[in-house]
1. Over the stretch 117-258, average the accessible area per residue using a 1.4 Å probe and give it in Å², no decimals.
2. If I ignore ligands, DNA and RNA and count only protein heavy atoms, how much of residue 272 is accessible to a 1.4 Å probe, in Å² to the nearest 10?
3. Could you point to the label whose value was computed as Cα extents along the principal axes in Å for the structure here, given (i) 52, 49, 38; (ii) 58, 44, 39; (iii) 57, 37, 37?
4. Given charges of +1 on the Cβ of Lys and Arg and -1 on the Cβ of Asp and Glu, with all other atoms neutral, how large is the dipole of the chain about its Cα centre, in debye to the nearest 20?
5. Keeping the other protein chains in place, figure out the carbon and sulfur percent of the accessible area of the chain, with a 1.4 Å probe.
6. From the protein chains alone at 1.4 Å, what is the descending order of accessible area for 225, 70, 211, largest first?
7. Using a 1.4 angstrom probe on the protein heavy atoms only, line up 260, 38, 109, 159 by accessible area, largest first.
8. What order do 304, 30 take when sorted by accessible area (1.4 Å probe), most exposed first?
Amino acid sequence: MQKTFVNGVDGNFGKLVAEYVQQLIPKERLVFTAPDESKLKIYADQGIQTAVADFNSPESLAKVYAHADKVLLISMPFVGEKRRKAHKNFVDACVKAGVRQVIYTSVLSAGNPFNPSVENADHGYTESIIQNTDLDYIFLRNSLFAEAFISDYMRAVDSHEDTIEKNMGDGRVWFISRRDAALSAACALNDDFYHRAVLNINGHEPFTYNKFLEVGNKETGNNIKYVKKTDQELYDYFDSVGVPRNTDGDFSKSPIQATSDGMVTFGTTVREGYLDVPVSDFCRLTGHEPITVKYMFEHKDDFLLGDRHSTEK
């Protein structure tokens, strides 16, 4: 029997995919993986096949995927050479194992070489190496997750701050919920119509950061204002409050569970218009309307980012 593999079910995103995909695909056809076997027990106890997937070992990974029909690659939660190497090992293993189709969670404008985001280089690299194989694929180019910005908003509220500093200018973002992005991944794993496809996973409507704050303020009764900053000014601020520059840093004392490199360069990307992509494939892929920013603020406790807890070595 050909199997559908969901990697990274130990992570925040992977757990959501695991939840949604069980509603679409019989569990006897599913295999859930993580780098740490202890994180898989909850699924094994439910009768779902599990496997340890070591992205540092393409040979062992190819054996894991030996009977795979579709495999989901959730982008690794670190940035740079380490992530590119892990993704290359994954692709090599899929090719060797004869996997039919790879689903990859990418980002909007990943194919644009001028996109200034530090994340973009890794996603563009991964898309390119997959495209230059015989693998079938679906690239899910996700917009920015609203949860990250709602979490930052609530951090400011809890800290009794009146303002939030961003370098996004008046650029627009079609915020998507992480839940909707996970639903998209589950639906792609269950889809037999898309082949070598690139899909934009966008939210309901475009937001400048001012508009985002207006919705947040109205729904929560707060009055947070937007202070526009340059890239360097924002780096200086994040450094001052202990936010790590990259994913190798120490997040234990950081008030934000994201890197300053990622946030600053994504802000640049927004300001320069790279994420103002009005075309979305979300509804066609999932059959659902995306969750609105208004709804997420109304149910804010259900739409927070969560801690970074990668178990990948």
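The values are calculated or read from the model by the stated rules, or taken from the named source; none is laboratory data. Predicted, not measured: the structure shown is a model, and the values here were computed from it. In this analysis, Cβ positions are derived from the backbone assuming ideal geometry, glycine residues included, and neighbour counts consider all displayed protein chains. Just the protein is used for accessible areas: all its heavy atoms, side chains included, with ligands, DNA and RNA removed. Shrake-Rupley method; radii C 1.70, N 1.55, O 1.52, S 1.80 Å.
1. 42 Å²
2. For residue 272, the solvent-accessible surface is approximately 100 Å².
3. Identified label for the calculated read-out: (iii).
4. Dipole of the chain, to the nearest 20 debye: 540 debye.
5. Ligands and nucleic acids excluded, carbon and sulfur reach 49 percent.
6. My answer, sorted largest first, is 225, 211, 70.
7. Per-residue accessible area, sorted high to low, gives 38, 159, 109, 260.
8. So, going from the largest accessible area down, we get 304, 30.
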